[in-house]
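**Student:** I'd like to ask some things about the structure below.
Every number in this text was worked out from the coordinates using simple rules, so none of it is lab data. These figures come from a predicted structure and were not determined experimentally. Heads up, the Cβs are rebuilt from the backbone with ideal geometry, glycines too, and the neighbour counts pull from every protein chain shown.
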Amino acid sequence: MRIIAGENRGVALSAVGKGDAGAHLRPTTDRVRESLFNVLIGGKYGDAVTDARVLDLFAGTGALGLEALSRSAECAVFVDDGRKAQSLIEANIKICRAGDRSTLMRMDATRLPANPDAPYDLVFLDPPYAKALGEKAIAAAISGNWLTPRALVVWEDSAPITVPEALTLLDTRPYGDTKINFLEPK
């Protein structure tokens with residue numbers, strides 16, 4: 001796994017390895033990440049990354065948020081409650097020298113508190129597949145004022161998602177078993 005483009009292009013991220021069997025880490029592949037960022041930067045969403053404040057829920061390795069930072073996002077908040085994921089995120093932040101633009105929240109993404117800072121423009125949501133945790137996490141993010149009115153939510157899952165009342169589904173793109181859904185606030 002590596003950073004695809006930007007200031008950290010080609011930087012290898014920490015290997016997931018066998019790690020904690022209970023962690024259920026499933027990093028977004030380089031190929032899918034590259035396709036996703038092509039949509040986010042040059043696709044129909046204009047440039048959703050440059051100067052964006054990024055919220056990475058169920059961050060896992062932090063690869064999505066770190067890719068955004070490499071491509072000129074302003075800052076990223078990584079949220080994960082898994083010990084293995086937290087250690088990988090910390091290591092990857094150091095590898096990418098992104099400590100000054102990164103925050104790691106060691107908590108369950110489905111239980112976000114009220115946002116203590118400015119809201120976020122770009123939200124990555126990559127929950128464990130087919131467990132309906134994405135619906136809970138995005139509901140917490142919406143009620144806690146984590147999204148700007150123009151936020152773009154990128155929700156990765158294998159099963160069809162239930163779109164919250166406060167969001168509109170813009171597009172769904174399949175990548176093998178993975179479906180990436182693009183949503184925005186109504």
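**Student:** Extending each Cα 7 Å along its Cβ direction at Thr172 and Ala132, get the distance between those two points in nm, one decimal.
**Tutor:** Using points 7 Å along Cα→Cβ, the separation is 1.7 nm.
**Student:** Can you list residues from other chains, or at least 5 along the same chain, whose modelled amide H is less than 5 Å from the amide H of Leu147?
**Tutor:** Tyr120
**Student:** Give me, ordered by chain and number, the residues 5 or more places off Thr178 or on other chains with an amide H under 5 Å from its own placed amide H.
**Tutor:** Counting only residues 5 or more places away or on other chains, the set is empty.
**Student:** Among Thr178, Cys96, Val154, which residue has its Cα furthest toward the positive end of the charge dipole of the stretch 29-185, with +1 on Lys/Arg Cβ and -1 on Asp/Glu Cβ?
**Tutor:** Sorting the options by dipole projection puts first Cys96.
**Student:** Hey, what do the phi angles of the stretch 52-64 turn into as Karplus ³J(HN,Hα) couplings, whole Hz, using 6.51/-1.76/1.60 and θ = phi - 60°, x for Gly and Pro?
**Tutor:** Whole-Hz 3J(HN,Hα) from phi for the stretch 52-64: 6, 8, 10, 10, 10, 8, 6, 5, x, 9, x, 4, 5.
**Student:** Provide the per-residue ³J(HN,Hα) series for the stretch 37-47, in order, calculated from phi with Karplus coefficients 6.51, -1.76, 1.60 and θ = phi - 60°, each as a whole number of Hz, with x at glycine and proline positions.
**Tutor:** 6, 5, 5, 5, 9, x, x, 6, 9, x, 10
**Student:** Next question. With only Lys, Arg, Asp and Glu charged, each at its Cβ (+1 for the first two, -1 for the last two), find how big the charge dipole of the chain is about the Cα centre; round to the nearest 20 debye.
**Tutor:** Computed about the Cα centre, the dipole is about 340 debye.
**Student:** Which residues' amide hydrogens lie under 5 Å from the amide hydrogen of Leu13, considering only partners 5 or more residues apart or on another chain, with H built in the peptide plane?
**Tutor:** The answer is Arg2, Ile3.
**Student:** Full extension from Arg9 to Arg97: what is 0.36 nm times the residue separation minus their Cα-Cα distance, to one decimal in nm?
**Tutor:** Net length gain for the segment: 30.4 nm.
**Student:** Determine ³J(HN,Hα), in whole Hz, for all residues of the stretch 79-92 in sequence, where each value follows from phi through the Karplus function 6.51 cos²θ - 1.76 cosθ + 1.60 and θ = phi - 60°; x replaces Gly and Pro.
**Tutor:** 10, 7, 9, x, 4, 4, 4, 4, 5, 5, 4, 4, 4, 5
**Student:** Can you give me the Cα centroid spacing of the stretch 138-179 and the stretch 29-88 in angstrom?
**Tutor:** Comparing the Cα centres of the stretch 138-179 and the stretch 29-88, I get a distance of 14 Å.
**Student:** Also: Do the sum for the chain: with -39,500 (n - 2.57) for every DSSP H run of n ≥ 4, divided by all residues, what is the mean residue ellipticity at 222 nm, to the nearest 500 deg cm²/dmol?
**Tutor:** Calculated mean residue ellipticity at 222 nm is -7500 deg cm²/dmol.
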